[in-house]
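Quick one: the structure is below, and I'll ask about it shortly.
The values are calculated or read from the model by the stated rules, or taken from the named source; none is laboratory data. These figures come from a predicted structure and were not determined experimentally. Every residue, glycine as well, gets a Cβ built from its backbone with ideal geometry; the counts of neighbours run over all protein chains shown.
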């Protein structure tokens, strides 16, 4: 990272001077802050669902250390010098809290972003000022990533697992959640097949869901 970067050296809450830039960058990649919906704009060419089996042994609320390292390797160095982190759409929310600037994005700044020395256990978005890629986490332990084909290919390679493997693990964990329902009547929410279709396309989502043990789904029209 550049030693002359005026923001270098840590993380801070987003200043008023950064608000318009954060809003523009967010809108370049995201339709809205939708951790359980279809967050990426149609213009984002490639998407990835990242999931770690037994997520509570890692970080259930965001990128685990290995995924962050893979992201750092896949992203352009310039995009890592200043990165925004938001717990809501920066255009639609107050900037009193929940919006941060990490400079640079690295393991230390991401895992210890503020004076409380703990990241909010909330869904959050990670995105650079260029708007070239974006990450949105959930509190259901999966993470969605959008960007160029090369960026997603490099990120997937760095994760060491294929998209099919991660999606299969994600759906299997939801199947096991259904198995624990004593009445055997638990059904997945419509957001799961809709989000899967958003990431991999409706046809591939239908095949993947059909191969899973989930009891019911409804793909979006």
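I'm trying to understand the selection: among the residues of the stretch 35-54, which are part of a loop (DSSP other than H, G, I, E, B), at pLDDT 95 or above and crowded, with 18+ Cβ neighbours inside 10 Å?
Residues satisfying the conditions are 38, 39, 44.
Considering only helices (runs of 4 or more DSSP H) fully contained in the stretch 122-219, which possess at least 3 residues that are surrounded by 14 or more Cβ atoms within 10 Å (Cβ to Cβ) and over 17 Å from the mean Cα position of the chain (by Cα)?
Here the list reads 163-179, 202-211.
Look through 96, 89 and report the one residue that is at pLDDT 90 or above and either assigned to a loop (DSSP other than H, G, I, E, B) or not assigned by TED's automatic domain parsing to the domain that holds residue 43 (or both).
Sole residue among the options that is at pLDDT 90 or above and either assigned to a loop (DSSP other than H, G, I, E, B) or not assigned by TED's automatic domain parsing to the domain that holds residue 43 (or both): 89.
Tell me the residue from 157, 205 that is touching a helix residue (DSSP H, G or I) at 6+ places or on another chain (Cβ under 6 Å), over 22 Å from residue 24 (Cα atoms) and at pLDDT 90 or above, please.
Unique residue meeting the criteria: 205.
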